[in-house]
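Worksheet for the structure shown next.
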Amino acid sequence: MREDRPSPFRDAQTDRSTAQEVPETPQTRSPSYKLAFADQEFLLRDELRPVRLQLELLKPEMLMAEREITSTIVMFGGARIPEPSQRHRARTQTLADLSRYYDEAREFARLMTNKSKESGCRENVIVTGGGPGVMEAGNRGAHEAGGCSIGLNIVLPHEQAPNLFVTPELSFNFHYFAIRKMHFLMRARAITIFPGGFGTMDEMFESLTLIQTGRMHRVPFLLFGREFWDSIINWQALADAGTISKEDLDLFRFVDTAQEAVHIIENWEPAPPRDEIPGR
């Protein structure tokens, strides 16, 4: 929470304004004279990367804390999955068929947001990557339910803007993928994975790894579309090979509908931490 308490010191905003009013001389025109925190070129130097990492961690954290958001429902999924009415424009027949998960994501977000509203949109707030496809469906469902939702966008080489259903005050933009993924998980009460590509799988496996290794508490971890995921990943082969343990297959569940997912989340009983599971 922001602390609005009186301070005996001048604030940074006042000094920045004052510095802009000084007489123009060779000295004041020099880049060296700019206040460090108001000097964009200085802040973009390679040596300032640690500071920029900290700023990207702090800004969304502070703004969400000010909104008193305590828990989120994470929705990962493909940007290319079309709305069913646009399935005829899909690049492949498989993408067209997967368009039904746009509607499931939209309905799931609507149902969870109805519950979120009971807490004043402080708990179970939908969070997506803020882009198109499944992400748009999640923010859209929350918007249609009359609640709020978070969008964690990222700057990419091609032009990208947040979808129009993200709550504007909770629409964030990132430079660092790692910090963005931290914000996805810092308040996660449940994680849902819809069909997607490299980005979705990256998010899925990092989240699973954190839970598998005990770096993150177990939460409902739900994969929408068993047929899709079984065709992409041979989960049993990993266990049979010994590269994961058989118990690791219990870290996630498959679902096909929004209602199934909501039922599991509502009836979730936390399992013990991984280091307390017998035999490990």
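The values are calculated or read from the model by the stated rules, or taken from the named source; none is laboratory data. No experiment lies behind these values; they were computed from the predicted model shown. All Cβ positions, even for glycine, are placed from backbone atoms using ideal geometry, and neighbour counts span all protein chains on display.
Tabulated data for the structure shown
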quantity	calculated
Wholly enclosed helices (runs of 4 or more DSSP H) of the range 182-265 bearing at least 2 residues surrounded by 16 or more Cβ atoms within 10 Å (Cβ to Cβ)	198-212, 226-232
Criterion: out of contact with any His (no Cβ under 9 Å at 6 or more places or on another chain), at pLDDT 95 or above, within 30 Å of residue 46 (Cα to Cα) and of a type outside the set (Asp, Glu) - qualifying residue of 199, 225, 242	199
Boolean, residue 51 is at negative phi, modelled with pLDDT under 95 and of a type outside the set (D, E, K, R)	no
Hey, residue 96 modelled with pLDDT of 95 or more, of a type in the set (Gly, Ala, Ser) and over 24 Å from residue 176 (Cβ atoms) or not	yes
Within the range 1-19, tally of residues that are surrounded by 10 or more Cβ atoms within 10 Å (Cβ to Cβ) and not hydroxyl-bearing (Ser, Thr, Tyr)	4
Sole residue being more than 22 Å from the chain's Cα centre (by Cα), of a type in the set (S, T, N, Q) and either crowded, with 17+ Cβ neighbours inside 10 Å or closer than 25 Å to residue 11 by Cβ (or both), chosen from 93, 40, 54	40
Positions within the range 160-171 being surrounded by 21 or more Cβ atoms within 10 Å (Cβ to Cβ) and under 17 Å from residue 69 (Cα atoms), in sequence order	166, 170
Check on residue 14, modelled with pLDDT under 95 and out of contact with any Pro (no Cβ under 6 Å at 6 or more places or on another chain)	yes
Matching residues, the range 160-171, being touching a helix residue (DSSP H, G or I) at 6+ places or on another chain (Cβ under 8 Å), hydrophobic (A, V, I, L, M, F, W, C) and not in a helix (DSSP H, G or I)	165, 166
Members of the range 172-181 that are of a type in the set (A, V, I, L, M) and either in contact with a Pro (Cβ under 8 Å, 6 or more places away or on another chain) or surrounded by fewer than 19 Cβ atoms within 10 Å (Cβ to Cβ) (or both)	178
Scan of the range 109-163 for residues that are of a type in the set (Asp, Glu) and within 23 Å of residue 80 (Cα to Cα), ordered by number	136, 144, 159
Residue count for the range 145-159, restricted to those that are loosely packed, with under 14 Cβ neighbours inside 10 Å and under 19 Å from residue 110 (Cβ atoms)	1
Residue within the range 146-159 that is touching a Cys at 6+ places or on another chain (Cβ under 7 Å), under 17 Å from residue 69 (Cβ atoms) and either in a loop (DSSP other than H, G, I, E, B) or at pLDDT below 95 (or both) present	yes
Within the range 98-132, considering residues that are assigned to a helix (DSSP H, G or I) and among the small types (Gly, Ala, Ser), the one nearest to residue 148 (Cα to Cα)	116
Residue that is surrounded by the fewest Cβ atoms within 10 Å (Cβ to Cβ) [pool: residues in the range 128-144 that are under 14 Å from residue 113 (Cβ atoms) and touching a Gly at 6+ places or on another chain (Cβ under 7 Å)]	139
Scan of the range 98-135 for residues that are among the hydroxyl-bearing types (Ser, Thr, Tyr) and more than 22 Å from residue 68 (Cβ to Cβ), ordered by number	99, 101, 102
